[in-house]
Each structure stands twice: as C-alpha cells, then as structure tokens.
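Worksheet for the structure shown next.
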Amino acid sequence: MSALLKFEGFSYRHAGANAPALRDLDLTIDEGGFVLLAGPSGSGKSTLLRAACGLAPNFDGGTAAGTVTVGGFESREHGPGEIARVCGTVLQDPERQVVMKTVRAELALPLESRGFAEPAIARAVEETSLLLGLADLLDRSLSTLSGGELQRVAIGAALAPRPGLLLLDEPTSQLDPVAADDLAWLLRRLNEEQGIAVLVSEQRLERLLPAADRVVVLNEGRIACDSTPTGFLEWAAGRAPALQTPGGALFALAGLPAPPTTVKQARVALSEKGLLPKGEPPRIDPPAPRTRFVRRRSTAAVAIRSLWDERTGSRALLAGVDLSVEPGETVALMGRNGAGKSTLLKHVAGLLKPTRGRIDCAGRVALLMQNPADYLIGERVADLIPIETLERAGIAVPADRHPRDLSGGERQRIAFEMVIAGEPAAAVLLDEPTRGLDRARRNELAERVRSVASEGAAVVVATHDAELAAELADRVVLLGEGRVLAEGSPRSILSGGWYFATETARILDGAGGALLPSEGAGLLTGERARAGR
C-alpha cells in the first residue's frame with residue numbers, strides 16, 4: 001500500500017514557545033491504516049493532527065522544519081483547504097468547528113463547498129445521519145444540542161464527503177458509553193469496508209484500542225512506542241503505567257501475562273485460568289470514608305425541587321428533577337448524551353431559568369463548562385490567573401504562553417483553577433472535567449476536587465468517565481430523559497451493568513463490587529491463592 005500521510009524529519013514550535021511541540025518526527029500511515037495516537041497530556045498529539053491537516057504552521061503560525069505530505073499534497077505548499085479534499089478533520093472543540101444553524105445544513109456544507117450535485121448531497125446527508133444516529137436531529141438547531149450530540153455532528157460533517165483519511169482528536173471525550181462504542185465500531189467498519197485511513201488521538205484508550213491495528217505513543221514530541229495494541233499494552237505496563245487501559249492495569253497488578261485489548265479477551269483469559277470469579281466471591285470491604293467537611297447547619301448546599309425545563313416545545317429537557325447535595329459531598333452525574341446533565345448544571349449556576357420548580361443554593365456557585373477555551377480569554381497565561389496559583393496546583397506552563405497553544409488537558413486544568421479562585425464556593429459544578437486529560441492528570445484533578453470538597457464545597461461532576469465516578473464520588477446520580485432514574489453509592493450503580501460500569505466491573509461481572517483495577521487485582525489474587533497457584 002502507498003503512504004497516505006507521511007511526516008519526514010518534521011519539527012514544530014509554537015510561536016513564543018520555549019521548546020518544540022514536535023521533534024524530528026518520522027511517521028508513515030498507509031492507505032487503510034487505523035492508528036491510535038496515545039501519550040500524556042501535552043505530548044504533542046493535537047499538534048501532530050493539526051500539522052497533518054495543514055493547520056500547523058499555515059494557520060497556527062510558529063516555525064516548522066521537515067515535511068508533511070497528505071495524499072500527495074505537501075502541507076507547506078498546499079493549505080488546509082486543498083488538503084481537506086483528501087482529509088476530514090475533527091478537532092478537540094467541535095462546538096467551535098460547527099458553523100451552520102441546523103444539523104442538516106452542517107452535514108451538507110462540506111459537500112456543497114466541493115460542488116456536489118443536489119441529489120448526491122441529499123443522499124450523503126441521509127446516509128451519514130443514519131451512520132451516526134443523527135436522523136432524529138437533522139432539523140434541530142445546533143444551539144440546542146448537547147456536547148456529545150455536537151461531537152457526532154462534527155464527525156458526520158468530516159465523514160460526509162468520504163475522505164481518504166480521517167483525523168480525529170479526542171472523538172469520544174463527550175460521548176456516552178453506548179455512543180462511544182458505536183463510534184469505535186463505525187470507524188472500524190469505515191476503515192475495513194470503505195478503506196478510509198484513520199488517525200485518532202484518544203485518552204480513554206480502551207474505547208478505541210480494539211478497533212486499532214497500530215498504536216503510536218508520543219512523549220515530549222517524539223515517538224516513544226509504535227506497536228500493535230497488544231505490544232503497546234506490554235510496553236505501557238513497564239514503561240508508562242499511566243497509559244494502561246483499566247483492563248491492562250488489572251492484569252498487570254494481578255501479575256497476569258498478555259494484557260487484554262477487550263473485555264471479552266480478558267474474560268476468556270481469566271476463564272481459561274480458572275480465575276473468573278463465580279457464585280458469591282469474597283466481598284471487598286469498601287474503602288474507609290474520606291474525612292468530609294460538615295457544616296453546622298441543616299441547609300443543603302444545593303437543593304433542587306421539581307425542576308422543569310420545557311423551553312424546546314417538544315420533550316422537556318428536565319422533567320421534575322429532585323436532587324439535594326450536601327456541603328462537602330461529591331456527586332457524579334451520569335447518563336447518555338442529551339439526558340440533561342449539562343442543562344441541569346446550567347440551571348444550578350443560574351445561566352438558565354426553569355419553567356417550573358425551584359433551586360436553592362447556600363452561596364456562590366462555580367461552574368466549569370465543557371469547553372475550557374471559553375474561559376481562557378487573553379494573550380498570555382499570566383493574564384488569566386497568577387502563575388503562583390498554577391504552580392501550587394502542580395500546573396507548569398510558561399507565563400507568556402498563548403492559551404491557544406496549550407494542550408487540551410492544560411486548558412482544562414487552568415480553567416478549573418480559574419473558576420474556583422476567589423471567594424470560596426458553596427457548590428462547584430464540573431461538566432466533563434477530564435476531557436483531554438491523561439490518567440495521571442485526571443488523578444491530579446481528582447485530588448484537587450477532593451481538596452475543594454474537604455473545604456466544604458458541594459461538588460457535582462457531570463461525566464461519562466465511570467472510573468472517575470468510582471474514584472471520586474460519594475454518590476452517583478443517573479439521569480435519563482431529563483429525570484433522575486437511579487441514585488446510590490458508586491458500587492450500587494457502577495457494578496453489574498453493561499454500559500454505566502467501569503471496565504473492571506464489566507470484566508469481573510461486578511464480582512465483589514470491584515470497580516477499579518486495584519480492587520479487581522485483589523480479588524484475582526485471592527482467587528489464585530484459593531486455587532493454589
């Protein structure tokens with residue numbers, strides 16, 4: 001097969017940056033390849049994708065050396081518009097990528113700009129909407145869509161012209177577990193049946209690893225690993241534990257060889273070794289409760305009573321939500337895309353007005369919405385927040401760095417520090433706060449959230465990250481169709497399920513209430529001891 005994308009000795013430095021984002025990069029992606037791009041936050045993944053579609057340096061500025069060739073177009077001789085003939089791109093912030101008023105118009109735009117005939121446009125829009133589950137949204141205004149729905153629209157617009165190469169930056173970051181699985185297998189099907197090459201950057205590697213045939217790991221702008229999915233997991237176990245999938249971490253902690261790339265593969269391997277727990281396995285004692293700040297009054301930090309939002313004229317966005325969050329409590333808000341999670345947070349923050357019901361808050365409400373770039377208005381990081389504040393939070397970025405040139409994870413963490421700065425908040429609301437964060441940075445953010453809760457703030461985190469909810473939350477609330485469907489401890493909600501469950505819980509079928517790799521490894525070690533292995 002011929003090369004579709006080729007980096008040759010390519011280096012790139014953002015304008016004003018102290019160090020290159022990419023260094024002497026040599027990388028070839030052949031026609032029909034499916035490559036998963038991994039690496040810690042700030043390692044250069046997004047920059048590589050922007051270089052591949054011609055945005056860096058043609059649009060982003062900065063300095064570059066070496067060459068990037070895409071479908072026969074050399075990027076410094078041909079701009080992003082020409083490269084777009086062969087390359088569809090979805091960046092980290094789809095809300096900034098969509099430009100039309102309705103879903104139908106957005107899907108049609110790239111086809112119209114290329115001069116497709118009207119019947120071909122209509123067919124492509126219909127097929128794309130069916131592929132991505134957008135058929136019921138075609139005539140919806142983009143302004144009414146959830147973050148996950150917008151992400152699917154942006155992916156659809158990139159796919160509609162049937163490009164030879166598809167570049168995706170964190171495509172599942174705002175998708176619920178079902179939509180993320182659907183996207184993974186859609187990409188694999190397009191790759192296998194249509195021959196579309198895929199280069200995708202992702203932090204939740206377990207979502208796309210089964211679909212990939214190759215994993216490329218970046219670290220400080222260089223390639224640290226280029227291997228098969230299984231080879232990558234073996235490499236990560238010894239060299240980069242923070243990049244392990246939960247299943248890979250489970251096997252590594254339990255001392256088991258051949259880390260699995262899928263839940264099925266893990267269950268088969270455990271079953272063959274006689275280690276898959278059956279019947280009533282030993283109960284894992286829950287961790288000791290965290291020391292929680294207790295305010296000496298009975299008033300909840302946030303009290304929501306029979307809250308309705310019926311602005312759309314069709315189904316209610318919120319339909320009688322009742323929810324109370326105590327000072328110092330952390331609640332994980334989960335549910336599929338469009339369930340009402342972001343809408344509920346905006347109501348609590350006072351950005352939306354309910355049609356019925358009431359919200360009482362005990363003080364200031366701090367809200368971090370899905371797009372951190374909305375908070376980073378300035379030419380320099382130092383214009384946004386004191387550098388000393390970031391250093392205390394363990395965030396090391398140059399004071400004169402432009403916010404645009406930060407990684408998605410860096411933007412997310414800085415925006416979080418901005419919203420909690422100043423007067424202590426009675427409630428801190430976070431909408432998909434781990435978007436763009438690797439596992440190490442996610443753990444650091446979780447520690448900061450615990451610190452905020454220990455000081456008395458009620459924390460509500462809207463997330464699709466079941467592992468984060470298991471690690472962080474005192475209580476999990478599951479929303480659906482604008483209603484509270486279920487609520488309880490993380491163990492009661494996140495074990496024994498198919499989608500709203502951690503990968504460890506799915507592998508072990510909820511045995512012993514194990515939600516995290518460390519808990520699952522303890523269970524498997526006990527099984528091995530009982531079997532005399």
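Things worth noting here:
- The single residue among Arg435, Arg475 that is out of contact with any His (no Cβ under 8 Å at 6 or more places or on another chain) and modelled with pLDDT under 95 turns out to be Arg435.
- Count - residues of region 432-459 that are outside any helix (DSSP H, G or I), in contact with a strand residue (DSSP E or B) (Cβ under 6 Å, 6 or more places away or on another chain) and open to solvent by 10 Å² or more (accessible area, probe 1.4 Å): 0
- Hits in region 359-383 - residues which are crowded, with 22+ Cβ neighbours inside 10 Å, within 19 Å of the chain's Cα centre (by Cα) and assigned to a helix (DSSP H, G or I): Pro372
- In region 79-94, the residues that are open to solvent by 40 Å² or more (accessible area, probe 1.4 Å) and under 17 Å from Ala108 (Cα atoms): Gly81, Arg85
- Test result for Arg315, closer than 22 Å to Gly482 by Cα, part of a strand (DSSP E or B) and of a type in the set (Lys, Arg): no
- Flag for Arg239 being within 30 Å of Arg13 (Cα to Cα), surrounded by fewer than 22 Cβ atoms within 10 Å (Cβ to Cβ) and in contact (Cβ under 8 Å) with a residue 24 or more places away in the chain: no
- Of the residues making up region 205-229, those that are open to solvent by 20 Å² or more (accessible area, probe 1.4 Å), closer than 25 Å to Tyr499 by Cβ and of a type outside the set (D, E, K, R) number 1.
- Among the numbered conditions (1) under 22 Å from Arg76 (Cβ atoms); (2) surrounded by 21 or more Cβ atoms within 10 Å (Cβ to Cβ), the only one that Ala3 does not meet is (2).
- The residues on offer are Ala158, Ala236, Ala211, and the sole one that is touching a helix residue (DSSP H, G or I) at 6+ places or on another chain (Cβ under 8 Å) and either farther than 25 Å from Glu467 by Cα or charged (D, E, K, R) (or both) is Ala158.
- All of Ala197, Ala236, Ala240 fail the test of being among the hydrophobic types (A, V, I, L, M, F, W, C) and closer than 18 Å to Leu91 by Cα, apart from Ala197.
- Residues of region 462-477 classified as among the β-branched types (Val, Ile, Thr) and either open to solvent by 20 Å² or more (accessible area, probe 1.4 Å) or under 14 Å from the mean Cα position of the chain (by Cα) (or both), total: 1
- Enumeration of residues in region 109-142 that are under 30 Å from Lys45 (Cβ atoms), part of a helix (DSSP H, G or I) and touching a residue at least 12 places away in the same chain (Cβ under 8 Å): Leu109, Pro110, Leu111, Ala124, Thr128, Ser129, Leu131, Leu137, Leu142
- Highlighted here are the strands (runs of 3 or more DSSP E) found entirely within region 17-82 that include at least 3 residues which are over 21 Å from Gly436 (Cβ atoms) and either modelled with pLDDT under 90 or not polar (S, T, N, Q) (or both): 22-30, 63-70.
- Among (1) surrounded by fewer than 20 Cβ atoms within 10 Å (Cβ to Cβ); (2) on the phi < 0 side of the Ramachandran plot, the one test that Ile414 misses: (1)
- Within region 56-78, restricting attention to residues that are under 20 Å from Gly42 (Cβ atoms) and touching a strand residue (DSSP E or B) at 6+ places or on another chain (Cβ under 7 Å), the residue that is least open to solvent (accessible area, probe 1.4 Å) is Ala56.
- So Arg152, is it out of contact with any helix residue (DSSP H, G or I) (no Cβ under 8 Å at 6 or more places or on another chain), assigned to a helix (DSSP H, G or I) and modelled with pLDDT under 90: no
- Taking the numbered list (1) more than 19 Å from the chain's Cα centre (by Cα); (2) open to solvent by less than 10 Å² (accessible area, probe 1.4 Å) in turn, Val419 passes all entries but (2).
- Residue match in region 321-329 (condition: modelled with pLDDT of 95 or more, of a type outside the set (D, E, K, R) and assigned to a loop (DSSP other than H, G, I, E, B)): yes
- Selection count, region 184-204, where residues are open to solvent by less than 10 Å² (accessible area, probe 1.4 Å) and either over 22 Å from Val70 (Cα atoms) or under 19 Å from the mean Cα position of the chain (by Cα) (or both): 8
- Of the residues Val86, Val98, the single one that is touching a residue at least 40 places away in the same chain (Cβ under 8 Å) and touching an Asp or Glu at 6+ places or on another chain (Cβ under 9 Å) is Val98.
- Selection count, region 384-407, where residues are within 26 Å of Ala51 (Cα to Cα), in a helix (DSSP H, G or I) and either in contact with a helix residue (DSSP H, G or I) (Cβ under 7 Å, 6 or more places away or on another chain) or open to solvent by 50 Å² or more (accessible area, probe 1.4 Å) (or both): 2
- Test: residue in region 134-151 that is surrounded by fewer than 22 Cβ atoms within 10 Å (Cβ to Cβ) and at positive phi: no
The values are calculated or read from the model by the stated rules, or taken from the named source; none is laboratory data. On a predicted model such as this, the values are computed, not experimentally measured, just so you know. Glycine gets a Cβ as well: all are built from the backbone with ideal geometry, and neighbour counts include every protein chain shown. The accessibility values were calculated without ligands, DNA or RNA, using every heavy atom of the protein model including side chains. Shrake-Rupley method; radii C 1.70, N 1.55, O 1.52, S 1.80 Å.
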